[in-house]
Each structure stands twice: as C-alpha cells, then as structure tokens.
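Asks: Dropping a structure here in structure tokens format, bear with me for questions.
Derivation of every value follows stated rules applied to the coordinates shown; laboratory data play no part. For clarity, every value in this text was computed on a predicted model and none was experimentally measured. So basically every Cβ, Gly included, is an ideal-geometry build from the backbone, and we count neighbours across all protein chains shown.
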Amino acid sequence: MTTIGFIGSGKIGGTLARLAVDAGHDVVLSNSRGPETLQDLAAQLGPRARAATVDEAAQAGDIVVATIPLKAFPEIPAGPLRGKIVIDTTNYNPDRDGRFAGIEDGTTTAGDLLQEHLPEAYVVKAFNNIFFKHLATLGRPSGAPDRSALPVAGNDPTAKTTVTALLNTLGYDTHDAGPLPESRRFAPGTPAHHAYLNPAGMFTAPGRPASAAILKTLLAAAAPAAHDGPAVYGATDEERRLVETLYRAVGGEPDLLDDVLAPGWEDIPSAPGQRPGPAGLKPIIEQFHTSFADAKVVLHDIIGSSGRVAVRAELTGIHRGEFLGVPATGKPSSITIHEFHQINHGRIVRTWHLEDLHGWLQHAVNQQPMSRRFIG
Ligand SMILES: NC(=O)c1ccc[n+]([C@@H]2O[C@H](COP(=O)([O-])OP(=O)(O)OC[C@H]3O[C@@H](n4cnc5c(N)ncnc54)[C@H](OP(=O)(O)O)[C@@H]3O)[C@@H](O)[C@H]2O)c1
C-alpha cells in the first residue's frame with residue numbers, strides 16, 4: 001500500500017483521500033491553514049488518515065497530490081518533493097487565479113508551470129477534468145463494463161505507469177494523453193474537460209462513465225496548439241500534403257504548383273483571361289506578391305472527405321502596392337479564404353474559392369487618410 005501526501009485537502013483532495021483510504025492506502029492531509037483545521041476530516045477518514053503541515057505531507061507521501069488553486073503553486077515546497085511523483089489536479093481559473101498569459105496563449109499549461117517549479121519531481125497531470133462529486137461515484141472495480149478512464153499526462157513514462165497503478169486501485173482506468181504539454185487537451189474549455197458530465201444536468205446530474213476509447217476521441221477533438229499548424233479533420237496524409245504544398249506555392253514558391261495541380265486544374269471562379277492549370281495561377285500569385293510584402297498563407301482547418309478537401313485559411317502580408325484599387329497602406333493585412341479542392345489521382349483537379357475581399361476592402365479603406373476614404 002502507498003502513503004499519499006496531500007497538498008490541499010478541499011473538494012478534490014478530500015474526495016481523493018476518501019477513495020485512497022477506502023482502497024487501503026494511508027493519507028497525510030495538509031492545507032494552507034495548518035493541521036488543526038483538518039482534524040475533523042482526518043477523523044472522518046479514520047485511522048489511515050492524519051493531518052500535517054504541507055512540508056510533512058510532502059515528505060511523508062510516496063506519491064504527493066497537489067490539489068490547490070493554481071495561483072498557489074509557487075508555495076509548494078520543492079525540497080521534500082525531489083525525486084517524487086506529484087499528481088497535479090489544478091485547473092486555470094483566471095477569476096480565482098489571476099491571469100497567466102502563457103496558459104491563455106497556449107504556450108504553456110498549468111502542469112508545465114508546476115513541473116518548472118519542481119524540476120526534480122515527476123509531475124503527472126490527472127483528476128483535473130472530473131467534477132469532485134463524480135470522482136466520488138464513478139469508480140468501479142477493474143474490468144467492470146462501465147469503468148471510466150481518466151486521462152494522464154506527464155513527461156516521465158515510469159511515473160505515469162505508477163500513477164496508472166494507483167488509479168487502478170481507486171477504481172479508474174487511465175488513458176495516456178502524452179507528455180505534459182498534451183494536458184492542454186483536457187484543460188478547461190476542451191471537449192475532454194466535460195467527459196463525465198451528462199449534458200442534461202451537468203454538475204447537478206450523476207456523472208456519466210467515459211471509457212478510454214471515448215476519451216481518445218474527445219482528446220483528439222481539442223483545438224490545435226498555436227504551434228501545431230492547422231487542425232486536420234478526416235483528410236488523409238496525402239490530401240494534407242497536397243493542400244499544404246499548394247498554399248506554400250501561393251505563399252511564394254509558385255513552382256510547387258506543378259507538383260500539386262493537374263495540368264487542366266480549374267479555378268472557380270477564374271480571373272478574367274485566366275488559363276487552366278498551374279500556368280494560370282502563377283501570374284496571379286506574382287501579382288499578389290507585388291501588392292503584399294512577406295505574403296504567406298496561414299492554414300487554420302483542413303477538412304477532408306472522399307476526395308474533397310475544405311480549407312479555412314488566411315492570406316497575410318504587408319500591403320505595399322495597390323490592390324483592388326486601394327493604394328498601399330503599409331499596414332499588416334489579412335484576407336480570410338475558404339476553399340474546396342477536388343482531388344483525383346494525387347492532384348488537385350478543381351478548386352472552388354471564396355475570399356472575403358469585402359472585409360479586406362473595408363479594413364484597407366479605413367487605413368487610408370480621411371481625404372481618400374470618400375468618393376467626391
Ligand atoms: N472542484 C472540482 O470538482 C475540481 C475538479 C477538478 C480539478 N479541480 C482543481 O483542483 C484544484 C483544487 O480544487 P478544489 O475544488 O479541491 O479546491 P478547494 O475545495 O478550494 O480546496 C483547495 C485546497 O487547497 C488548499 N490550499 C490553498 N492554498 C494552499 C497553499 N498555499 N498551500 C497548501 N494548501 C493550499 C486549501 O486550503 P485552505 O482551505 O486552508 O486554504 C484547500 O484545502 C484546483 O486547481 C481546481 O481548479 C477542481
């Protein structure tokens with residue numbers, strides 16, 4: 001049996017301590033106010049539980065659970081946690097925690113922040129996507145058909161194996177979501193964060209079991225990280241390669257068009273006098289680059305089904321030459337585009353496209369000096 005130290009003994013900590021005691025583990029509870037404020041909880045949990053200071057709980061635990069408001073993580077003592085597994089249940093809640101810009105812009109996660117604070121501990125993210133009342137009730141014996149899986153994320157595979165074994169004793173399977181940055185896939189605001197909530201009742205209804213297979217689907221549905229590139233739904237690797245290469249071509253490598261467009265490629269609607277195939281698009285790309293410096297295409301979504309691929313993207317660049325009759329503004333500029341590509345035998349044979357030129361015009365005209373904004 002394991003001794004589990006708790007830094008934080010509130011709703012999640014207290015619930016986990018109950019599950020742990022019932023499974024035969026020892027628990028050492030702590031909070032910010034001191035052990036005397038935890039005597040009642042320890043008494044309710046029985047002889048396997050005792051209250052202690054944060055340092056004592058960190059020292060006593062074979063495994064330690066950090067289950068406090070995120071803003072308090074700098075107060076967790078690093079020394080006694082050296083070499084230990086620390087299960088991190090925290091969620092970012094700006095109303096409670098204040099702003100963490102890195103979490104908001106997707107460059108870090110709550111778990112990564114704790115890992116940086118505890119460089120010699122093995123942080124494993126777990127229990128942060130289940131409501132404490134559901135955590136108390138959804139546990140099942142191993143092999144039960146309605147047993148739920150909880151996602152875990154961490155940089156150390158051995159630590160995740162140990163946490164998986166612990167969760168098994170508490171009534172849960174696990175699903176390995178990957179290293180700590182992947183915990184963003186079950187952070188607040190993601191589909192997996194609601195994995196065990198019944199939409200008809202949410203926090204007031206009983207929890208809904210979710211298997212590892214369900215979790216896998218929900219984790220995959222999380223929006224891509226800022227650095228991940230486009231979100232890809234349903235497109236094959238070949239379809240993705242074709243459209244990404246096409247947009248690289250538009251972004252300034254027009255010769256790549258010969259690799260991806262069929263010789264008779266149709267552009268719908270086509271520009272006046274535009275020829276079919278790569279030869280028809282190359283002058284349009286050149287023209288675009290004379291109007292926009294540093295022009296490139298930012299892909300947001302690639303959605304594929306049966307030889308058709310839909311793309312949501314943006315053309316960006318510095319408006320340095322006349323475009324649609326609007327003189328250069330010298331300002332960063334962006335045109336939203338939506339396109340459907342038909343693919344046949346490894347080439348794009350037809351493209352239906354729609355650019356938000358009206359939106360661009362409105363924006364560009366607003367950048368002009370007042371004297372140029374109005375006709376007559
Ligand atoms: N509630 C849920 O269903 C749920 C579900 C998943 C994840 N979470 C996340 O898990 C974490 C804990 O949530 P909770 O609902 O259990 O919160 P809670 O009920 O408010 O409990 C927080 C615990 O942390 C302790 N604490 C605060 N600052 C501390 C510090 N500096 N040192 C030691 N202990 C400290 C508190 O002790 P004092 O009372 O003495 O200050 C309290 O025992 C949060 O990050 C939350 O977002 C919550």
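Asks: Please work out the C-alpha center-to-center distance from region 150-200 to region 259-327 and express it in whole Å.
Replies: 42 Å
Asks: Also: Using the Karplus equation 6.51 cos²θ - 1.76 cosθ + 1.60 (θ = phi - 60°), what ³J(HN,Hα) coupling, rounded to whole Hz, does each residue of region 262-278 give in order, writing x for Gly and Pro?
Replies: Taking θ as phi minus 60°, the curve returns 5, x, x, 3, 9, 10, 10, x, 8, 6, x, x, 5, 7, x, x, x Hz for region 262-278.
Asks: A further question on this structure: Report, by chain and number, residues whose modeled amide H sits under 5 Å from the one on ILE348, excluding near sequence neighbours (fewer than 5 apart, same chain).
Replies: LEU261, ALA262
Asks: To continue, here is another question. About its Cα centre, what dipole magnitude does region 3-220 give when the only charges are +1 on Lys and Arg Cβ and -1 on Asp and Glu Cβ, stated in debye to the nearest 20?
Replies: That gives a dipole near 560 debye.
Asks: Also, I was wondering about something else. Can you tell me how much longer the chain between GLN362 and LYS331 gets when fully stretched, taken as 0.36 nm per residue apart minus their C-alpha distance, in nm with one decimal? Intermediate values should be presented prior to the final figure.
Replies: On the way: separation 31, 0.36 × 31 = 11.16 nm, distance 1.37 nm.
Result for the pair: 9.8 nm of gain on full extension.
Asks: If you don't mind, another one. Quick one: in the chain, what % of C-alpha pairs are over 40 Å apart? Mind dumping the intermediate values first?
Replies: Numbers: 25833 of 70500 pairs.
Percent of Cα pairs beyond 40 Å in the chain: 37.
Asks: Further question: Can you work out the Karplus-derived ³J(HN,Hα) for every residue in region 346-358? Use 6.51 cos²θ - 1.76 cosθ + 1.60 with θ = phi - 60°, whole Hz, and x for glycine or proline.
Replies: Taking θ as phi minus 60°, the curve returns x, 9, 7, 9, 7, 9, 9, 9, 9, 9, 7, 6, 4 Hz for region 346-358.
Asks: List every residue whose amide H lies under 5 Å from the amide H of ILE63, counting only residues 5 or more places away in sequence or on a different chain, with H placed 1.01 Å from N in the peptide plane.
Replies: For ILE63, whose amide H was placed from the backbone, the distant partners under 5 Å are THR3, GLY5.
Asks: Still on this structure, I have one more. Net charge within 11 Å of ALA235 by Cβ-Cβ distance, Lys/Arg positive one each and Asp/Glu negative one each, not counting ALA235 itself? Spell out each step's value before the answer.
Replies: Numbers: positive: ARG240, ARG241, ARG308; negative: ASP237, GLU238, GLU239, GLU244, ASP301.
Net charge in that neighbourhood comes out at -2.
Asks: Report the net charge of residues surrounding THR169, where surrounding means a beta-carbon distance below 14 angstrom and charges are Lys +1, Arg +1, Asp -1, Glu -1.
Replies: Every neighbour counted, the sum reads 0.
Asks: Among VAL309, VAL250, which comes first, then next, by fewest other beta-carbon atoms within 10 Å? Walk me through the intermediate numbers first.
Replies: Values: VAL309 25, VAL250 22.
In order of increasing Cβ crowding within 10 Å: VAL250, VAL309.
Asks: While we're looking at this one, here's another question. Label-point separation (nm) for SER142 and GLN274, each offset 7 Å from Cα along Cα-to-Cβ?
Replies: Modelled inter-label distance: 6.2 nm.
Asks: Using a ≥ b ≥ c from the Cα gyration tensor of region 252-334 (square roots of the eigenvalues), is it rounded, prolate or oblate, where a/c under 1.5 gives rounded and otherwise the larger of a/b and b/c decides, a/b for prolate? Display every interim value, and only then the final one.
Replies: Values: a/c = 2.12, a/b = 1.41, b/c = 1.51.
Note, shape of region 252-334 comes out oblate.
Asks: Pull up all non-local amide H partners of ALA328: gap of 5 or more, or a different chain, and H-to-H distance under 5 Å with H placed in the peptide plane.
Replies: GLU322
Asks: Let me ask something else about it. Cβ under 12 Å from TRP360's Cβ, TRP360 left aside: what net charge do those residues give with Lys, Arg +1 and Asp, Glu -1? If you can, show how the numbers build up before the last one.
Replies: Numbers: positive: LYS331; negative: GLU314, GLU355, ASP356.
So the surrounding residues net to -2.
Asks: Now for a separate question. So for the chain, averaging the separation of alpha carbon pairs under 8 Å that are six or more residues apart and normalising by length, what relative contact order in percent results? Intermediate values should be presented prior to the final figure.
Replies: On the way: 747 pairs, mean separation 35.6, N = 376.
Answer for the chain is 9 percent.
Asks: Moving on to the next point. Would you mind ranking TRP360, TRP265 by Cβ crowding within 10 Å, fewest neighbours first?
Replies: Details: TRP360 19, TRP265 23.
Least to most surrounded, the residues fall as TRP360, TRP265.
Asks: Could you give the size of the charge dipole of the chain about its Cα centre, using +1 on the Cβ of each K and R and -1 on the Cβ of each D and E, expressed in debye and rounded to the nearest 20? Display every interim value, and only then the final one.
Replies: On the way: 33 positive and 40 negative charges, 152 e Å.
Charge dipole, the chain, about its Cα centre: 720 debye, nearest 20.
Asks: Sticking with this structure for a sec: Taking neighbour counts of Cβ atoms within 10 Å as a proxy for exposure, in what order, fewest first, do THR107, THR174, THR67 appear?
Replies: Lowest to highest Cβ neighbour count: THR107, THR174, THR67.
Asks: Let me ask something else. Assuming R0 = 41 Å, can you tell me the calculated FRET efficiency for the pair LYS133 and VAL298, based on Cβ-Cβ distance, to the nearest 0.05?
Replies: Numbers: r = 42 Å, r/R0 = 1.03.
About 0.45, to the nearest 0.05.
Asks: Which whole-Hz couplings ³J(HN,Hα) result when phi for each residue of region 139-147 is put into the Karplus expression 6.51 cos²θ - 1.76 cosθ + 1.60, θ = phi - 60°, listed in order with x for Gly and Pro?
Replies: Values per residue, Gly and Pro as x: x, 9, x, 4, x, 4, x, 9, 6 Hz.
Asks: Then there's this: For the chain, compute the number of Lys pairs whose alpha carbons are separated by less than 20 Å, excluding pairs fewer than 8 positions apart on the same chain.
Replies: Counting lysine pairs in the chain gives 12.
Asks: Moving to a separate point now. Of ASP294, ASP173, ASP26, which has the largest mean-square fluctuation in a 10 Å C-alpha GNM of the chain?
Replies: Residue with maximal mean-square fluctuation among ASP294, ASP173, ASP26: ASP294.
Asks: Would you calculate the separation in nanometres between label points at GLU75 and THR204, each defined as 7 Å from the Cα along the Cα-to-beta-carbon direction?
Replies: For GLU75 paired with THR204, the spin-label model returns 3.4 nm.
Asks: Follow-up. For a Förster distance of 51 Å, can you work out the FRET efficiency between the beta-carbons of ASP258 and SER211, rounded to the nearest 0.05? Before the final figure, lay out the partial values.
Replies: Numbers: r = 48 Å, r/R0 = 0.93.
Rounded to the nearest 0.05, the efficiency is 0.60.
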